[in-house]
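**Q** Dumping the structure here so I can ask a few things about it.
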Amino acid sequence: MDELTLLADADARGLRYLEGNATRRVFPSDEAIAALDALDERLPAHGLPAEQTLELLDRIGSPATTASNGPRYFGFVIGAALPAAAAVERLMLAWDQCASTFDNSPVSATVERVAGRWVLDALDLPRESAVGFGTSATACTLGALASARRALLARQGWDFDRQGLIGAPEIKVVVSELVHITVKKALRILGFGLDRIVYAPVDAQGRVDPARLPLLDERTILCLQAGEVNTGAFDPFAQIIPRARQAGAWVHVDGAFGLWARASSLVALTAGIEEADSWTTDAHKWLNTPYDCAMVICRNAQALAEAMNSDAAYMSASADAQKNLTLEFSRRARGIPVWAALRTLGRAGVAELVERHHACAQWIGRALARLGFEVLNPVVLNQVLFRCATDEQTLALRGAVQASGETWFGGTTWQGRPALRISVSSWRTQVEDVQALVQLLARLRETKEEG
Ligand SMILES: *Cc1c(COP(=O)(O)O)cnc(C)c1O
């Protein structure tokens, strides 16, 4: 099969998959999962035909997907892929650009520069900030925290790049008690040491309590969050960040999904967030781009560009080249799907997406409370945290939901007991999908209780 026929076949299979979205099981059947054994082949000594490889992946793989690109998936604050973002990714595959510098790809550097400006506009963050498009909030947080430490040490007269950490003044890290695990991962990789981290106590909704904020100074990195993964709660930035700044600390905000509230009528949740030093947010969650797409935003553009610099004799570039703002050197132009998403949604479309999901989540919260479930959070964003009367019922309901194939959402532990977590974050999700979700939960609970 020639290249063009093969790619057309891949596109046709992709389109058939999308057409099946309405009826596909949201979590694959046991049979589909068992059939994955067919992929457990030995590495072939000689290459096999590409069309057969594609056919195998589609035949065995497609039925074993989780339908996260459909309307009835409510897991992990991740959404479906917007058509515009998915479409430009297809074109980008044909381009196969290495989007490290302008010299390597003029179009990528240009579009990503525009995308960075639009992200700052949409999120109303300081326009002088640098925006790096990385693989994930995890990787972007790593870049932000590395920049933070390097900048704080420079203020102490310490040259981190040359002298490293041994003998350096100690940089203290203060994080929320409910900090996301990936922020801890970034800190751990950077050598901060989990036992040395200071945890800021939180209130009943998981917000850092300003009254119990640990001491901050000019050698402190403070990590706050916009959108706690269980409750969707926001730390009280306006009460905390001015104090941190006064102390000379660096404030980083993990806003993997919650930062997008700022692009909507829910902006008040983020009041004061613009005074931070750096922010992380995902595009592959609430902005609904395909995966491997996130942003690090750093008010002091130079601090990020210096920490992430990878100029070499054979490839040096401007401070705003993406290879100098992210962990990657050879990279895909992740900013292009962000540009496409923002260009096709516009300010109004982003706001509508966030506000619709908020309204849907509120509706789910009220409906579940009426049905007698214990709703554990005021639904401030797109997250509904709830449980049944007993832990056994909560766990059984979770199993029944997954087995039903009609929807999918995850479990968690909240204040020491199992709970269930519904996230409304897919552009495909409409009112009828959340109504069907609530009806399903009512039905499953009845059959459990009768049985
Ligand atoms: C998902 C998430 C992350 C990690 O994002 P990745 O893009 O998956 O690395 C960090 N913080 C919060 C609050 C999240 O929800």
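**Q** Mind jotting down the three principal axis lengths of region 372-416 based on Cα atoms? Whole angstrom, largest first.
**A** 29, 23, 20
**Q** If I take every Cα pair under 8 Å that is 6 or more residues apart in the chain, average their sequence separation and divide by the length, what percent do I get for the relative contact order?
**A** In percent, rounded to a whole number, it is 22.
**Q** Give me the 1.4 Å probe accessible area per residue for the chain, excluding ligands and nucleic acids, in Å².
**A** 44 Å²
**Q** For region 49-175, build the convex hull from the C-alpha positions and give me its volume per residue in Å³.
**A** Per-residue hull volume (Cα only) is 238 Å³.
**Q** Could you work out the percent of alpha carbon pairs in region 158-203 separated by over 11 Å, rounded to a whole number?
**A** Above the 11 Å cut-off, region 158-203 has 70 percent of its Cα pairs.
**Q** A follow-up question, please. Express the carbon and sulfur contribution to the solvent-accessible surface of region 3-68 as a percent, rounded to the nearest whole number, probe 1.4 angstrom.
**A** Answer for region 3-68 is 59 percent, counting heavy atoms of protein chains only.
**Q** Could you give the dipole magnitude of the chain about its Cα centre, charging the beta-carbon of Lys and Arg +1 and that of Asp and Glu -1, in debye to the nearest 20?
**A** I would put it at about 1000 debye.
**Q** Got a sec to turn the phi values of region 150-157 into Karplus ³J(HN,Hα) couplings, 6.51 cos²θ - 1.76 cosθ + 1.60 with θ = phi - 60°, whole Hz, x for Gly and Pro?
**A** Working through the residues one at a time gives 4, 5, 5, 5, 4, 5, 8, x Hz.
**Q** Counting only the heavy atoms of the protein chains, how much of residue 291 is accessible to a 1.4 Å probe, in Å² to the nearest 10?
**A** Only protein atoms counted, so the area is about 100 Å².
**Q** Of all beta bridges DSSP finds with both residues in the chain, what is the antiparallel percent, to the nearest 5?
**A** About 60 percent, rounded to the nearest 5.
**Q** What value does the chain have for Rg/Rh, both radii from Cα atoms and Rh as Kirkwood defines it?
**A** Across the chain, the Cα-based Rg/Rh ratio is 0.99.
**Q** Multiply the residue separation of residue 348 and residue 39 by 0.36 nm, subtract the distance between their alpha-carbon atoms, and state the gained length in nm to one decimal.
**A** Working it through step by step, the gained length comes to 106.8 nm.
**Q** Kirkwood hydrodynamic radius, region 289-396, all distinct C-alpha pairs: what's the number in Å?
**A** 17.9 Å
**Q** State the volume of the convex hull built on the alpha-carbon positions of region 216-357, expressed per residue in Å³ and rounded to an integer.
**A** Convex hull of Cα atoms, per residue: 119 Å³.
**Q** Quick one: what do you get for region 173-268 if you divide its Cα Rg by 2.2 N^0.38 Å?
**A** Expressed relative to 2.2 N^0.38 Å, the Cα Rg reads 1.03.
**Q** Aspartates and glutamates within cross-link reach of residue 285: Cα-Cα under 17 Å, excluding same-chain residues under 8 positions apart?
**A** 89, 228, 254, 352, 355
**Q** Let me test this: with uniform point scatterers at the alpha carbons of region 336-451, what is the Debye-based log₁₀ I(q)/I(0) at q = 0.09, 0.15 1/Å?
**A** Debye intensities relative to I(0), on a log10 scale: -0.27, -0.68.
**Q** What's the center-to-center distance, using Cα atoms, between region 22-42 and region 134-190 in Å?
**A** The two parts, judged by their Cα centres, are 41 Å apart.
**Q** Full-extension gain between residue 431 and residue 265, please, as 0.36 nm times their residue separation minus the C-alpha to C-alpha distance.
**A** My answer for the length gained is 57.8 nm.
**Q** Using only the alpha carbons of region 87-341, determine the length spanned along each of the three principal axes and report them from longest to shortest in whole angstroms.
**A** Extents along the principal axes: 53, 46, 28 Å.
**Q** Could you work out how far apart the two model spin labels at residue 218 and residue 392 are, taking each label as a point 7 Å from the Cα in the direction of the beta carbon, and quote it in nm?
**A** About 6.1 nm separates the two model spin labels.
**Q** Next question, about the same structure. Helix-only mean residue ellipticity at 222 nm, the chain, DSSP H runs n ≥ 4 weighted -39,500 (n - 2.57), per residue, nearest 500. What is it?
**A** -13000 deg cm²/dmol
**Q** Could you tell me the convex hull volume per residue, in Å³, taken over the Cα atoms of region 19-65?
**A** Taking only Cα atoms, region 19-65 has a hull volume of 67 Å³ per residue.
**Q** Among the aspartates and glutamates, which fall within straight-line cross-link reach of residue 323, defined as a Cα-Cα distance under 15 Å, with same-chain neighbours fewer than 8 residues apart omitted?
**A** Result set, ordered by chain and number: 103, 112, 306, 311.
**Q** Could you tell me what percent of the accessible area of region 333-381 is made up of carbon and sulfur, with a 1.4 Å probe and every protein chain present?
**A** The nonpolar share, carbon plus sulfur, comes to 55 percent.
**Q** For residue 253, which sequence-distant residues (separation of 5 or more, or a different chain) have an amide H within less than 5 Å of its own amide H, given hydrogens modelled in the peptide plane?
**A** It is 224, 278, 279, 280, by chain and number.
**Q** If I stretch the segment between residue 11 and residue 162 completely, what's the gain in nm (0.36 nm per residue apart, minus their alpha carbon distance), one decimal?
**A** Once the chain is fully extended between residue 11 and residue 162, it gains 49.4 nm.
The values are calculated or read from the model by the stated rules, or taken from the named source; none is laboratory data. Small disclaimer: the values here were computed from a predicted structure and weren't measured. So basically every Cβ, Gly included, is an ideal-geometry build from the backbone, and we count neighbours across all protein chains shown. Side chains included, ligands, DNA and RNA excluded: accessible areas come from the protein's heavy atoms. Shrake-Rupley method; radii C 1.70, N 1.55, O 1.52, S 1.80 Å.
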